[in-house]
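Single-structure report; data block below.
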Amino acid sequence: MKKQRKPFRVLKSKHVFKGHICDVRVERLLLDNGKKIDREVVRQANAVVVVPRLPDGRLILIRQFRHATDGLLWEFPAGRVDKGERPAAAAVRELEEETGYRARRMKRLSSFYTSPGISTEWMHLFAASGLKKTKTCFEEDEFIEIKLFTPRRMEKMIRRGEICDAKTILSYLYWASLR
């Protein structure tokens with residue numbers, strides 16, 4: 001993404017929270033029009049999301065409880081990129097950990113901000129194919145259900161609001177547009 005001239009200057013940046021997933025800062029900005037405003041910024045690691053396609057065309061989704069939404073969500077496998085890790089390696093790792101499948105081919109499709117109004121998270125989108133069954137390796141806080149869906153069924157689930165995770169909807173639509 002091309003860097004552009006900022007229509008503001010950061011006057012002050014105050015660190016207000018440090019967690020194991022993100023840091024939060026409050027920044028005082030001076031806009032070009034002279035107005036001063038405060039913005040909260042959630043700084044977090046980059047992440048990956050994977051569209052895993054089996055040879056028969058079905059896609060692998062996982063369903064897990066998301067505390068922030070107080071509910072179970074259907075999602076494509078995803079996770080953060082560890083420090084020093086390449087996004088493609090993170091995609092391979094997350095796919096196997098969460099679904100128990102290893103990909104022979106992992107193709108980068110795109111990248112995007114997940115919530116640019118507040119977060120620095122940059123997500124890399126991959127398509128996985130040539131899948132071979134291995135075993136899952138859930139983290140201690142992951143309770144995941146794995147299920148296979150046809151693209152047609154996924155589209156119905158998206159229209160009905162049964163899939164309401166933005167990264168999954170965006171990733172599916174982008175992947176489907178390339179087919």
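The values are calculated or read from the model by the stated rules, or taken from the named source; none is laboratory data. The structure presented is a predicted model; accordingly, all values stated were derived computationally and were not measured. Backbone-built Cβ (ideal geometry, glycine too); neighbour counts: all protein chains shown.
Here are a few things to note about the model shown:
- Qualifying residue in segment 130-149 (condition: under 30 Å from D38 (Cβ atoms) and either part of a helix (DSSP H, G or I) or touching a helix residue (DSSP H, G or I) at 6+ places or on another chain (Cβ under 6 Å) (or both)): no
- Yes/no for V50 being part of a strand (DSSP E or B), closer than 21 Å to I146 by Cα, in contact (Cβ under 8 Å) with a residue 24 or more places away in the chain and among the β-branched types (V, I, T): yes
- Inclusion of R159 among residues that are modelled with pLDDT of 95 or more and closer than 17 Å to A47 by Cα is not warranted.
- Within the span defined as segment 31-49, one or more residues are within 27 Å of L109 (Cα to Cα), modelled with pLDDT of 95 or more and touching a helix residue (DSSP H, G or I) at 6+ places or on another chain (Cβ under 6 Å).
For (1) crowded, with 16+ Cβ neighbours inside 10 Å; (2) part of a strand (DSSP E or B), each residue gets a yes or a no:
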{"position": "W74", "(1), (2)": "yes, yes"}
{"position": "G79", "(1), (2)": "yes, yes"}
{"position": "D82", "(1), (2)": "no, no"}
{"position": "A90", "(1), (2)": "yes, no"}
{"position": "E94", "(1), (2)": "yes, no"}
{"position": "E97", "(1), (2)": "yes, no"}
{"position": "A103", "(1), (2)": "yes, yes"}
{"position": "K107", "(1), (2)": "no, yes"}
{"position": "F112", "(1), (2)": "yes, yes"}
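- Within segment 1-54, the set of residues being over 28 Å from D165 (Cβ atoms) and acidic (D, E) comprises E27, D32, D38.
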